[in-house]
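Heads up: the structure comes next, in structure tokens.
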Amino acid sequence: MKTPSEYNVNIVLRTYREGDVDRISRLMEENYPHTLGAQVIRETWLWQFKNAFSNEKSVAVAEIGSEIIAHYAVMCFDMNYRGTRIIGALSTATVTDRSVRGKGLFRQLAEKVYADLSTEQCSIIFGFPNSQSIRGFIEKLDWFEICPSLST
């Protein structure tokens with residue numbers, strides 16, 4: 001992966017477009033150690049984000065030139081809140097290429113998805129961040145823990 005200065009262009013944040021899935025799969029494969037291959041990642045990604053209950057605005061990417069360098073996505077679905085149908089989303093897929101970490105892309109992409117989904121009347125976005133990412137959700141996105149870790 002080239003560094004931003006090698007491209008001589010700015011990082012572009014945008015909503016998912018048809019055809020991005022292969023580059024997203026490759027990004028995930030290259031940045032998650034001990035992961036499944038790109039084809040399995042692709043199939044899982046399509047199952048999560050391109051189905052009857054998905055929303056086009058639920059996926060954002062950052063790119064430099066033609067390379068996708070970061071990705072944030074949520075799964076949208078109907079929920080029931082006190083007898084009323086609401087739209088909710090589950091935060092499930094975040095990755096930033098090692099070469100561009102620390103530039104705020106996680107926060108920027110998440111905020112883009114949240115803003116885009118707010119126009120779709122999405123009422124709640126929640127998730128189950130792992131130990132490596134929970135700090136980012138709390139410190140960068142103002143999430144809060146419902147049940148803090150039980151470890152001492």
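The values are calculated or read from the model by the stated rules, or taken from the named source; none is laboratory data. In this text the structure is predicted, and so the values were computed from the model without any measurement. No Cβ is skipped: glycine too gets one built from the backbone with ideal geometry, and neighbour counts run over all protein chains shown. Just the protein is used for accessible areas: all its heavy atoms, side chains included, with ligands, DNA and RNA removed. Shrake-Rupley method; radii C 1.70, N 1.55, O 1.52, S 1.80 Å.
Probe radius 1.4 Å, ligands and nucleic acids ignored: give me the carbon and sulfur share of the accessible area of the range 15-91 as a rounded percent.
Values: 2180 of 4020 Å².
On the range 15-91, the fraction of accessible area on carbon and sulfur atoms equals 54 percent.
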Charge dipole magnitude, Cβ of K and R +1, D and E -1 - the range 97-138, Cα centre, debye nearest 20:
320 debye
In terms of the Cα gyration tensor, with a ≥ b ≥ c the square roots of its eigenvalues, is the range 4-79 rounded because a/c is under 1.5, prolate because a/b exceeds b/c, or oblate?
oblate
The range 85-152 - accessible surface per residue (Å², probe 1.4 Å):
65 Å²
Please identify the chymotrypsin sites (Phe, Trp or Tyr not before Pro) of the range 21-86 that satisfy two criteria: DSSP loop assignment and at most 16 other Cβ atoms within 10 Å. Which are they?
PHE53
Compute the angle between helix 105-118 and the longest alpha-carbon principal axis of the chain, please, reported from 0 to 90 degrees and rounded to the nearest 10.
40 degrees
Hey, quick one: spin label on ARG135, modelled 7 Å out along Cα-Cβ, who in the range 84-102 has an amide N within reach, i.e. under 16 Å?
101-102
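Hand me the GluC sites (Glu not before Pro) from the range 1-90 located in a DSSP loop with no more than 13 other Cβ atoms within 10 Å, in residue order please.
Sites meeting the loop and neighbour criteria: GLU18.
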For the chain: lysine pairs under 27 Å (alpha-carbon distance), excluding those fewer than 8 apart on one chain
10
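For the chain, what is the mean residue ellipticity at 222 nm derived from helices alone (per DSSP H run of n ≥ 4: -39500 (n - 2.57); sum divided by total residues; nearest 500 deg cm²/dmol)?
On the way: 5 runs with 49 residues, N = 152.
Result for the chain: -9500 deg cm²/dmol, rounded to the nearest 500.
Pairs of Cα atoms under 8 Å, at least six residues apart: use those to get the relative contact order of the range 11-148, whole percent. Present the calculation step by step, with values, prior to reporting the outcome.
On the way: 202 pairs, mean separation 29.4, N = 138.
Relative CO of the range 11-148 lands at 21 percent.
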Rounded to the nearest 10 degrees, what's the angle between the helix 21-31 long axis and the longest principal axis of the chain, both from Cα atoms, 0 to 90?
80 degrees
